[in-house]
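The structure appears right after this line, and notes come after that.
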Amino acid sequence: MKKRTLLDLEAEQKRASDEAARRDTGHSPGDLHCGHAGNEGEALFTIAQGIQEMPDLAPPTILLPSIMGPLLKTKIPWWRRLYGWAKIPRTFSITPLTLTPVAGMLVVLITFLLANSGGGKNRQLTNKLAGGRVPVVFSFKMPEARSVRVVGSFNDWHGQDCEMKQDQREGTWKVTLWLKSGRYEYAFLVDDRKVLLDPQAAFYQADGFGNQNNVLFIGNADETSI
Amino acid sequence: MNHPDDQEVIFAVLGGDVNAYSTLVERYQRPIYNLMYRMTRSYSDSMDLAQETFIKAFEQLHRFHVEKRFFPWLYTIGLNHSKNFLRQSKVSRTLSVEDYDAFSGLEYPGQEEELLCARLDLRKLREALDQLSVDYREALILRYRESLTMEEIAEALKLSLSGAKMRVHRGLKMLREILEADHHEKENFA
């Protein structure tokens, strides 16, 4: 491709200016010398043409070094250089051959995401139950009690680390234990001396000493707990 | 007043090549210097203002929209800068014939022909141009001297497109009226 010279550019500029004047005034450069007085369009075109041909001042030769001197000494902040660099558009070429591995990776990624996107809650629950334990909330309403523990086959009837906390507003004692699936017997130890049954429990069983215990069945987090 | 590789030069400058900016300075120093001279009528002020305009443009280059043309953007900076300078120095200069003596080394067509039937006396045209307000004068310069499109003039002078068209057309008519009045005045004296 032929490289344009400064003269070409100036000629182009002249043509553009002629064209602008012709469009704005409705006359062509050929009309310049042969108009009639009173023809407004021609007069305006002549003026436009005159503006274009008006001589101007050549800038002093020291102007360029006086501008570039300080600029070349200026240290541009890193953020401006980064911002400037980021503003430069860049071209990327993609051929089918280079596209294939990328497309393949995209398919694998999308498939993986789709396969793992469903049942988020269940997955969370499964993660929580890693180790085969599920949370079981024991609750016992007795506002007048000073302390309540849950004792049972899951803690060898000792009640250690199973002290319940009272909800002052409701007067209910609560504790959450993580238990494996299975069958458990339990009861509440009130003020460290009285053993009382859970009135909300569905099952009871005699303990062989003339008393009864509550029975609890823990399933596999699939709503088989009772 | 447009160079197709302005954008490439700007990308080079933005990429950290400060020296590339000299291409833009060389390219546009003439119209900017002349703008400053039209505004101030002082060589030293024109020099300072042109220098400051280019430095300001360099500092703001990261804000320039690279898809647009550089010259109208630069021109806006220069015009605003010179207006601020005049406002601050409260300089109000009017043109006198003597001011043109500075141009004595330049070529003027010496013909004194009929205004509307022949080529214009460029010296008179310059005098008439300087009687216009800055807004009208610069609109005409941008249109016919720097060959900017109406859209670019609108952008450079912060006008709507129709406002820019009106500014150019009215400017031309005002210029014609000034030239005609001058012509009739001379006829009456003769």
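The values are calculated or read from the model by the stated rules, or taken from the named source; none is laboratory data. Given the structure is predicted, the values throughout are model-derived calculations rather than measurements. Because the Cβ atoms are built from the backbone with ideal geometry, glycine has one as well, and the counts that use them run over all protein chains shown.
For the stretch A:90-133, the candidate set comprises residues that are of a type in the set (Gly, Ala, Ser) and modelled with pLDDT under 70; within that set, the residue that is nearest to A:Leu179 (Cα to Cα) is A:Gly131. Can you name the number of the only condition in (1) of a type in the set (D, E, K, R); (2) part of a helix (DSSP H, G or I); (3) at the interface with chain A (Cβ under 10 Å from one of its Cβ atoms); (4) in contact with a helix residue (DSSP H, G or I) (Cβ under 9 Å, 6 or more places away or on another chain) that B:Asp45 fails? Only one criterion is unmet by B:Asp45, namely (3).
Please pick out the residue among B:Ala57, B:Ala102 that is in a helix (DSSP H, G or I), at pLDDT below 50 and aliphatic (A, V, I, L, M). Result: B:Ala102 is the single residue among B:Ala57, B:Ala102 that is in a helix (DSSP H, G or I), at pLDDT below 50 and aliphatic (A, V, I, L, M). Just one of the numbered conditions (1) assigned to a loop (DSSP other than H, G, I, E, B); (2) basic (Lys, Arg); (3) modelled with pLDDT of 85 or more is not true of A:Arg149: (1). Considered as a group, the residues in the stretch B:25-61 that are surrounded by fewer than 21 Cβ atoms within 10 Å (Cβ to Cβ) and of a type in the set (Val, Ile, Thr) include one that is farthest from the chain's Cα centre (by Cα), and that residue is B:Ile55.
Where in the stretch A:37-94 are there helices (runs of 4 or more DSSP H), lying wholly inside it, with at least 3 residues that are within 19 Å of B:Ile10 (Cβ to Cβ) and at the interface with chain B (Cβ under 7 Å from one of its Cβ atoms)?
Working: elements: A:40-53, A:63-73, A:78-87.
Here the list reads A:63-73, A:78-87.
Out of all the residues in the stretch B:146-180, which are surrounded by 20 or more Cβ atoms within 10 Å (Cβ to Cβ) and within 24 Å of B:His65 (Cα to Cα)? Listed by number, the residues that qualify are B:Glu146, B:Ser147, B:Leu148, B:Met150, B:Glu152, B:Ile153, B:Ala154, B:Ala156, B:Leu157, B:Ala164. Of the residues making up the stretch B:125-163, those that are under 20 Å from B:Glu177 (Cα atoms), more than 8 Å from chain A (Cβ to nearest Cβ) and not aromatic (Phe, Trp, Tyr) are B:Glu127, B:Ala128, B:Asp130, B:Gln131, B:Leu132, B:Ser133, B:Val134, B:Asp135, B:Arg137, B:Glu138, B:Ala139. Looking across the stretch A:152-180, the residues that are hydrophobic (A, V, I, L, M, F, W, C), surrounded by 14 or more Cβ atoms within 10 Å (Cβ to Cβ) and within 45 Å of the chain's Cα centre (by Cα) come down to A:Phe154, A:Cys162, A:Met164, A:Trp173, A:Val175, A:Leu177, A:Leu179. Can you tell me which of A:Arg183, A:Arg193 is over 17 Å from A:Asn214 (Cα atoms) and either in contact (Cβ under 8 Å) with a residue 12 or more places away in the chain or loosely packed, with under 13 Cβ neighbours inside 10 Å (or both)? Testing whether each residue is over 17 Å from A:Asn214 (Cα atoms) and either in contact (Cβ under 8 Å) with a residue 12 or more places away in the chain or loosely packed, with under 13 Cβ neighbours inside 10 Å (or both) leaves just A:Arg193.
So, in the stretch B:12-24, of the ones that are under 25 Å from the mean Cα position of the chain (by Cα) and either more than 9 Å from chain A (Cβ to nearest Cβ) or not in a helix (DSSP H, G or I) (or both), which residue ends up surrounded by the most Cβ atoms within 10 Å (Cβ to Cβ)? Checking each candidate, the answer is B:Leu24.
Kindly evaluate A:Phe203 against the criterion of being under 17 Å from A:Pro135 (Cα atoms) and surrounded by 12 or more Cβ atoms within 10 Å (Cβ to Cβ).
Values: under 17 Å from A:Pro135 (Cα atoms): no; surrounded by 12 or more Cβ atoms within 10 Å (Cβ to Cβ): yes.
So A:Phe203 does not fit the description; no.
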